[in-house]
Amino acid sequence: MPEEFEWVPDIGRGEWLRPLEAEPFGSILSIVPRGFEAYARVFHPVERDRPRDTKTWQGVDAATYFEGIHDIEASLERERSTWAQAAASFRTTMHAEAQYARLVRRDYGNAGGAIAADGWRYGDTFEGCFDAASLTTTSTVLARHTTTPDAGIAAIWEGWGGLVSSAGIAHFGPESSDEGSAGNTEEDAAHISDPTLRERLFTAARQGIAGARSVLDALPGRAHPEPEPGSGVLTREAAAGPRFDLHGGTGRHYVLFEAGANTFADAGWPGHAPWIDRVMWAQSPSILWPDDHSWVLATEIDYDSTLVAGTTALIRELVRTSGLEVLPIRTDADLTWDGDALNRPE
């Protein structure tokens, strides 16, 4: 049996997904294949916070709140939240075709930092990345619905910053003349006084996308020469090897690795995945499937939710699984930014 996370040069392992290209690009059936019994949408969790002293952001100037505060984390209550909780805070309607920006009454692309009447401030979602803990919980269920729980493929989009080359690898922290200072840490980034910049840095770093490089390039005095191919996280062999391409012309090129559902059911998987540079910002696979093709899990790079196609029993179990926010979904559902008809602005 191949070793876990062994690079797979045989891109033919993904050919069974080729029918995705016959579907309208961006539709559900262009992300997970037609022909399964049931489908579900797994919503990526978000974070929300509020000041510990006031218990609300209402009436508080968020732009100046952190001035004079040394320990930002201690000054805030922070917790993981569901889209349903966000909908309850903003008195909108959670449903299978919901769009997060609509739930928090913001325009698309401007959802981060929305403050609800109940005092919570909601962060933005993460596109293209299913958080490691949720993937582990989901994979524990997936492993029970395949005859090959230890064998399958994890397809990783080649465009994540720092994967194929060192472009996009960025560590954040304030500049310091103290050579002994432990800079380039998340804690340092948290002490940047501008909340908007801090959120941009956190988002870019955690997603690990090439956009991280553009964020830093936009800062004064930053310059980055173009790195050599093969200088990133992957081995030179994998970085230069064949790609499994989907939807020609859209940039969906994937590097394949051996990985079964049980691989990701182990909470320690980020520490072993060869495409991950820093565990705290673990990037999930874009597509995951077992060798028996009994289900498919896909996190489209531009979506802030993950789709699963499989048996009715699988989808029912996912919906009931604690720690996940999952709703069954029709294959003709509209997941575009304007698809949330129930929460359209008046």
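With the condition kept exactly as written, say whether any residue in segment 84-97 is part of a loop (DSSP other than H, G, I, E, B) and touching a Phe, Trp or Tyr at 6+ places or on another chain (Cβ under 7 Å). Looking through segment 84-97, at least one residue is part of a loop (DSSP other than H, G, I, E, B) and touching a Phe, Trp or Tyr at 6+ places or on another chain (Cβ under 7 Å).
For segment 300-326: of the residues being in a strand (DSSP E or B) and touching a helix residue (DSSP H, G or I) at 6+ places or on another chain (Cβ under 7 Å), which is nearest to R102 (Cα to Cα)? Out of the qualifying residues, it is V326. Between R330, R320, R344, the distinction of being charged (D, E, K, R), over 23 Å from G14 (Cβ atoms), surrounded by fewer than 16 Cβ atoms within 10 Å (Cβ to Cβ) and in contact with a strand residue (DSSP E or B) (Cβ under 8 Å, 6 or more places away or on another chain) belongs to R330 only. Just one residue in the set R102, R50, R106 is of a type in the set (K, R) and in a helix (DSSP H, G or I); that residue is R102. Residues in segment 10-58 that are exposed (fewer than 14 other Cβ atoms within 10 Å of the Cβ), farther than 27 Å from E258 by Cα and of a type in the set (D, E, K, R): R52, D53, K55.
Do any residues in segment 19-38 that are without any contact (Cβ under 8 Å) to a residue 40 or more places away in the chain have Cβ atoms under 6 Å from those of residues that are crowded, with 17+ Cβ neighbours inside 10 Å and not in a loop (DSSP other than H, G, I, E, B), where the two are at least six apart or on different chains, and which pairs are they? Short answer, once both residue conditions are applied: E23/L29; E23/S30.
Scanning segment 85-126 for residues that are under 18 Å from T336 (Cβ atoms), of a type in the set (A, V, I, L, M) and in contact with a strand residue (DSSP E or B) (Cβ under 7 Å, 6 or more places away or on another chain) yields a total of 2.
Cβ-Cβ distances below 6 Å connect no pair with a first residue in segment 89-105 that is modelled with pLDDT of 95 or more, a second residue that is of a type in the set (K, R) and part of a helix (DSSP H, G or I), and a separation of six or more residues or different chains.
The values are calculated or read from the model by the stated rules, or taken from the named source; none is laboratory data. Note that the structure is a prediction, hence the values are computed from the model and not measured. Methodologically, a virtual Cβ is constructed for each residue, glycine included, from the backbone with ideal geometry; neighbour enumeration extends over all protein chains shown.
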